Structures are given as structure tokens and as C-alpha cells.
1. Quick one: putting +1 on the C-beta of Lys and Arg, -1 on the C-beta of Asp and Glu, what dipole do you get for the chain around its Cα centre, in Debye to the nearest 20?
2. Quick one: helix 244-254 against the long Cα principal axis of the chain, what's the angle to the nearest 10°, folded into 0 to 90?
3. Among Tyr175, Tyr132, which comes first, second and so on when ranked by fewest other beta-carbon atoms within 10 Å?
4. Starting from the amide H of Glu223, placed 1.01 Å from N in the peptide plane, find each other amide H under 5 Å away whose residue is 5 or more places distant or on another chain.
5. Among Ala112, Phe261, Ala39, whose Cα projects farthest towards the positive end of the dipole of the chain, with charges put on the beta-carbon of Lys, Arg (+1) and Asp, Glu (-1)?
6. Can you figure out the FRET efficiency of Glu193 with Arg20, using R₀ = 30 Å and their beta-carbon distance, to the nearest 0.05?
7. Which of Ala233, Ala32, Ala69 moves most in a GNM of the chain, Cα contacts under 10 Å?
8. Give a residue-ordered list of calculated ³J(HN,Hα) values for segment 188-201 (Karplus: 6.51 cos²θ - 1.76 cosθ + 1.60, θ = phi - 60°; whole Hz; x for Gly, Pro).
Amino acid sequence: MDKDYPASHSMDTHWFAVDRDGHVAAFWSGEAGAVPVEALADEGAADLEERVRELIPAGEAVRDLRGRAMPAGEPVGLMSRAWTGRFHVLLFLTSLDPVRDALDRGEAVELAATEGKAVLFRRLDDEALKRYLELPECQASCNLFTAEGDEDPSLARFGFYEYRHLTENWISGPYGREAIPRRPLHIDELPPELRRRVGNLRFDNLRFADTLHLQPVEHAPCESWESAYMDAAGKHIRPMPGKEDQYGEAYEQLGGIGDRFQVEPPPEGG
């Protein structure tokens with residue numbers, strides 16, 4: 001009988017980890033991202049996040065453009081386009097010139113970015129978004145999913161690095177760093193009960209400040225809905241440990257995805 005790990009997770013799991021500097025990060029798995037078995041699972045994540053917001057003074061989050069794209073040298077423009085409607089829209093631009101009127105009218109607000117400019121629109125219709133995306137200054141667009149009335153949901157404002165799973169649901173891909181804190185939080189700054197929970201998982205061989213893309217399978221035992229994972233470099237596809245049989249069944253289909261990835265054959269007997 002398979003061991004029932006606490007991170008045998010539902011879709012869109014929120015989990016936490018600590019790096020070798022003692023800094024903390026929050027991760028969102030989406031539907032297919034691998035989740036370390038030692039990580040905090042969904043049941044406690046919402047409560048922990050609420051407590052962090054209550055106890056830690058808010059600072060500034062810096063939006064990371066390159067962490068929102070795949071790691072294998074692909075142009076950032078290949079990232080998914082933002083949705084319009086009730087979701088906030090974040091645009092990455094090389095200049096604020098095309099959005100100065102919107103900023104002056106209070107329809108948008110500038111956010112800190114690792115490069116270029118980042119501008120948050122509370123609402124954009126399809127026509128306006130299309131117009132911005134066609135501008136030479138526009139590098140990318142994405143959504144910020146917020147509760148009603150919440151201007152900025154980022155945990156990076158409270159000292160956490162933020163990562164999100166990057167690929168669609170066909171594979172457990174790497175996570176990309178979406179935001180970095182202006183002042184990283186050290187785990188020792190958390191109260192003891194939160195320190196124990198956030199500190200369940202430690203990546204002692206890496207620093208979040210230096211890690212744009214991260215594949216947790218390469219650092220810890222993980223659970224996933226998928227039978228295959230993609231490495232942090234975005235180049236190799238390998239069997240998920242413990243799912244070699246399922247990987248063997250999917251190998252033929254995976255092998256047909258072209259020359260973009262190196263697909264590892266299933267192990268003998270798998």
C-alpha cells in the first residue's frame with residue numbers, strides 16, 4: 001500500500017520552503033506542479049498566510065519578469081497572455097510612456113520590477129489589452145488574482161519570495177520566481193508557531209535570491225498528479241520517482257513532442 005504523504009495534494013496547492021540563507025518562499029503548484037512531501041499542504045496554507053499578513057509589516061514586492069517565462073531561452077513574449085474581465089492585469093513594459101494617461105487618471109499603478117516597468121490595471125477590456133499588447137514597449141502580460149478590494153496580494157510584500165508552476169497540465173514543470181521581496185524575511189523573524197510550519201522544508205543547497213527557476217523534484221521527494229517532470233533548465237523530461245510504470249505508458253506520446261526537449265527513456269522494467 002502506498003504511503004499517504006501529506007503533500008499528496010489537491011490541485012493548486014500552496015506550500016512553503018526555506019533556503020540556505022534562512023529566507024522563505026511561497027510556491028503555487030497549479031494543477032500539475034510537484035509538491036515536496038515535507039511541505040506544508042493546503043489545509044494550513046491559508047491560515048499561515050493570514051497570520052503572516054497580520055504579524056509582518058508590509059513592504060514592497062518586486063515583480064520578476066524573467067521568472068514568468070520558461071527557462072530554456074524562450075522569449076518572454078511566449079508567456080500566456082492575461083485574461084480580461086474581473087482579474088487585475090499586470091503589464092511589463094520597457095517604458096511608461098504608453099500608460100502615462102492611465103496612471104494620471106488612476107486607472108493603473110506602477111509596481112516595482114526587476115527590469116523595465118511593471119504596471120497594474122485593476123480592469124482592462126479586450127480592446128484596451130489588445131492595444132497595449134501590440135505596442136513595441138509591451139514585453140508581457142499576466143494576471144494578479146486578488147480578493148475583492150485587495151490591491152496587491154503578493155506575499156513578497158511580507159518578505160517571501162514567490163514561485164508559481166509554469167507549464168500546462170501535461171507535465172510537472174519547473175516553478176518560476178514571480179516576485180522577490182525588497183527586504184527578504186528570515187525565518188527567525190517569524191513567531192515560533194509559524195517558524196515550525198514554514199520550516200518543515202529546507203533547500204540547503206540553494207538561495208532563492210539566485211534561483212530564477214526551481215524544480216522541487218531535484219531537491220526533495222515529491223508527489224505529483226503527473227508521471228513525468230521537466231528539469232529546472234527546461235530541457236530534459238524524466239520519470240517522476242515512484243511513477244515509472246505510468247511514465248512508461250506515456251513515453252511514446254512524450255517522445256513525439258519534437259526536438260525541443262530531451263525525453264529520457266523509461267527505466268528497464270518500467
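Here, each number is a calculation from the coordinates, and none is a lab measurement. The model shown is predicted, which means the values in this text are computed figures rather than measured ones. Glycine also receives a Cβ, built like all others from the backbone with ideal geometry; neighbour counts cover every protein chain displayed.
1. Working: 30 positive and 50 negative charges, 148 e Å.
So the dipole magnitude of the chain works out to roughly 700 debye.
2. With both axes taken from Cα atoms, the answer is about 60 degrees.
3. Values: Tyr175 27, Tyr132 20.
If I rank by nearby Cβ atoms, fewest first, I get Tyr132, Tyr175.
4. Placed amide hydrogens put Val35, Val37 under 5 Å from Glu223.
5. Ala112
6. Numbers: r = 23 Å, r/R0 = 0.78.
Working from the Cβ atoms, E equals 0.80.
7. Ala233
8. 5, 7, 7, x, x, 5, 6, 4, 5, 6, 5, x, 4, 10
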